[in-house]
Amino acid sequence: MESTIKFSIAVDSDHRATEFRPFSISSPHMRAFHLAWLSLFSCFFSTFAIPPLLPIIREDLHLSPSDVGTAGIAAFAGSIISRLAMGPACDLFGPRLASATLSLVTAPILLSAAFISSPLSFILLRFFVGFSLANFVANQFWMSSMFSGCTVGLANGVAAGWANVGSGLTQLLMPIIFSILNTNFNFTQSASWRLAFVVPAVFQATMALLVLAYGQDLPDGKYKKFKKEEKDSFGLFLNGITNYRGWVLGLTYGFCFGVELTMDNIIAEYFYDRFGVNMETAGVIAASFGFANWVSRPTGGVVSDELGRRFGMKGRLWGLWVVQTVAGLLCLWLGRVNSLWGSIVVMCGFSFFVQAASGLTFGVVPFVSKRSMGVISGMTGSGGTVGAVVTQLLLFSGDTKFSTQTGISLMGVMMIVSTLSLTTIYFRDGGGMFCGSSDYDYQPLP
């Protein structure tokens with residue numbers, strides 16, 4: 001790297017930013033930030049464009065509750081596979097190329113909604129569209145490549161948090177787009193919901209092209225240029241997959257972000273069915289759950305960095321445990337509230353804490369392994385979608401004996417229990433929850 005390179009933002013010896021300016025587009029750090037979160041935003045918008053229209057889709061395609069549940073599981077199952085692959089892809093090719101390629105491949109799949117006519121084709125649609133959520137791994141890898149340890153928690157939290165708002169905005173906008181096509185342009189209901197998916201598909205493809213045109217993998221240039229040393233892909237994968245910390249973080253992430261994904265999948269239908277609100281109102285309520293990401297996940301990143309500065313890795317781990325445990329308690333409570341407004345209030349509190357826990361998780365991830373950062377990010381990210389599959393399959397598949405509200409409460413219990421695994425994490429330099437130095441200057445493991 002050339003030491004004479006000048007940046008418009010303070011950087012460390014590796015040229016990674018030591019400050020975070022979210023309202024700047026200075027190249028390359030903040031430009032990468034904005035491209036990363038907007039690209040992932042478009043993927044969340046696409047993936048969760050389907051649930052708010054389920055009341056119409058299930059009637060048009062004659063879907064049973066079991067079909068709807070299976071489709072929800074399929075969406076997350078597709079994401080598991082793609083997230084596991086995205087980690088090594090980022091390590092080998094860089095986040096820019098990996099992210100844009102996946103978006104360009106999956107955007108046309110959403111357009112195929114115009115041709116589906118059976119429960120099986122609907123399930124397959126959700127499975128393949130779910131692949132796009134693997135861009136989350138590229139998002140977090142990119143931020144960890146651009147921002148130094150003192151601010152990476154904040155950068156990761158804001159990039160993912162703002163992107164996750166896409167899952168809320170789509171809950172609000174897709175019913176409106178459907179209504180405009182159906183009412184103003186006189187399309188049939190069947191044609192309207194199919195045509196509505198053109199909007200998220202075009203948005204996703206556009207963002208992918210912008211990432212390719214204007215993105216930069218590293219502070220000093222493209223990934224290929226500055227990673228000329230030949231990497232052993234199997235060695236990278238093995239180094240990451242054998243690090244138990246990645247497995248623990250994958251488990252806990254499965255019951256914060258995984259629970260968030262499940263709620264994105266069921267929340268509009270839950271309020272529609274349980275409290276008798278119309279589709280538009282259910283969409284607004286569900287949107288508020290996703291909109292909380294605008295501040296909640298970034299707050300988790302800020303808290304992680306601040307606790308890291310004060311107490312080292314011990315602070316980051318304790319912060320994650322406390323926040324995720326509170327989220328679990330609120331989730332348990334949400335399933336036991338019987339009034340509409342009471343449910344909305346508890347849901348808002350729950351959404352803040354569960355999303356903040358996701359931000360706190362990725363305040364820890366960059367310190368697990370510098371060499372296999374992509375693999376660890378992929379393992380953790382995949383854990384999120386595995387958690388979503390598990391909760392969807394066990395509690396909301398349409399074939400379970402549990403009511404939806406009971407399933408929500410049981411999800412809270414699962415969150416509380418899984419988070420106890422954080423007590424097993426120990427870093428050679430940073431310690432763990434019950435031991436370790438308060439010195440912030442610990443480094444990622446090799």
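The condition of being of a type in the set (Ser, Thr, Tyr) and surrounded by fewer than 24 Cβ atoms within 10 Å (Cβ to Cβ) holds for only one of 39, 27, that being 27. On the stretch given as segment 111-149, residues that are under 23 Å from residue 50 (Cα atoms) and over 19 Å from the mean Cα position of the chain (by Cα) total 15. Which one of these does residue 117 not meet: (1) closer than 22 Å to residue 164 by Cβ; (2) not β-branched (Val, Ile, Thr); (3) not in a helix (DSSP H, G or I)? If we test residue 117 against (1) closer than 22 Å to residue 164 by Cβ; (2) not β-branched (Val, Ile, Thr); (3) not in a helix (DSSP H, G or I), just (1) comes out false. Among helices (runs of 4 or more DSSP H) entirely within segment 1-95, having at least 1 residues that are farther than 26 Å from residue 168 by Cα singles out 29-47, 65-93.
Tally the residues that are of a type in the set (A, V, I, L, M) and either surrounded by fewer than 24 Cβ atoms within 10 Å (Cβ to Cβ) or assigned to a helix (DSSP H, G or I) (or both), restricting the search to segment 361-371. If you could, list the steps in order and put the result at the bottom.
Of all residues in segment 361-371, those of a type in the set (A, V, I, L, M) come to 364-365, 368.
Going one step further and asking which of them are either surrounded by fewer than 24 Cβ atoms within 10 Å (Cβ to Cβ) or assigned to a helix (DSSP H, G or I) (or both), we end up with 365.
Final tally of qualifying residues: 1.
Scoring residue 337 on the criteria (1) among the hydrophobic types (A, V, I, L, M, F, W, C); (2) over 25 Å from residue 428 (Cβ atoms); (3) in contact (Cβ under 8 Å) with a residue 60 or more places away in the chain leaves a single failure, condition (3). Does at least one position in segment 335-344 carry a residue that is assigned to a helix (DSSP H, G or I), within 30 Å of residue 141 (Cα to Cα) and either β-branched (Val, Ile, Thr) or under 22 Å from the mean Cα position of the chain (by Cα) (or both)? No, segment 335-344 contains no residue that is assigned to a helix (DSSP H, G or I), within 30 Å of residue 141 (Cα to Cα) and either β-branched (Val, Ile, Thr) or under 22 Å from the mean Cα position of the chain (by Cα) (or both).
Take the residues in segment 285-305 that are surrounded by fewer than 19 Cβ atoms within 10 Å (Cβ to Cβ) and not hydroxyl-bearing (Ser, Thr, Tyr), then tell me which one is nearest to residue 349 (Cα to Cα). Walk me through it before giving the result.
Step one: of segment 285-305, the residues surrounded by fewer than 19 Cβ atoms within 10 Å (Cβ to Cβ) are 288, 294-295.
Narrowing further to those that are not hydroxyl-bearing (Ser, Thr, Tyr): 294-295.
On the way: 294: 14, 295: 12 Å.
Per the criteria, the residue is 295.
The lone criterion from (1) in a loop (DSSP other than H, G, I, E, B); (2) touching a Gly at 6+ places or on another chain (Cβ under 8 Å); (3) surrounded by fewer than 23 Cβ atoms within 10 Å (Cβ to Cβ) left unmet by residue 434 is number (2). Can you tell me which residue among 412, 398, 374, 378 is within 20 Å of residue 72 (Cα to Cα) and in a helix (DSSP H, G or I)? That would be 412, the only listed residue that is within 20 Å of residue 72 (Cα to Cα) and in a helix (DSSP H, G or I). Among residues that are touching a residue at least 40 places away in the same chain (Cβ under 8 Å), aliphatic (A, V, I, L, M) and surrounded by fewer than 21 Cβ atoms within 10 Å (Cβ to Cβ), residue 120 is not included. Here residue 85 does not qualify as among the hydrophobic types (A, V, I, L, M, F, W, C), within 15 Å of residue 40 (Cβ to Cβ) and modelled with pLDDT under 90. Residues of segment 306-318 that are surrounded by fewer than 23 Cβ atoms within 10 Å (Cβ to Cβ) and not hydrophobic (A, V, I, L, M, F, W, C): 306, 309, 310, 312, 314. For segment 55-70, residues that are modelled with pLDDT under 90 and either under 22 Å from residue 181 (Cα atoms) or among the hydrophobic types (A, V, I, L, M, F, W, C) (or both) total 2. Determine whether segment 240-257 contains at least one residue that is among the β-branched types (Val, Ile, Thr), surrounded by fewer than 19 Cβ atoms within 10 Å (Cβ to Cβ) and not in a helix (DSSP H, G or I). Within segment 240-257, one or more residues are among the β-branched types (Val, Ile, Thr), surrounded by fewer than 19 Cβ atoms within 10 Å (Cβ to Cβ) and not in a helix (DSSP H, G or I). Is it the case, given these coordinates, that residue 303 is of a type in the set (A, V, I, L, M), in a helix (DSSP H, G or I), in contact (Cβ under 8 Å) with a residue 40 or more places away in the chain and over 22 Å from residue 415 (Cα atoms)? Against the criterion (of a type in the set (A, V, I, L, M), in a helix (DSSP H, G or I), in contact (Cβ under 8 Å) with a residue 40 or more places away in the chain and over 22 Å from residue 415 (Cα atoms)), residue 303 does not qualify.
The values are calculated or read from the model by the stated rules, or taken from the named source; none is laboratory data. Just so it is clear, the structure is predicted and the values come from calculations on it, not from any experiment. We place every Cβ from the backbone using ideal geometry, glycine too, and count neighbours over all the protein chains shown.
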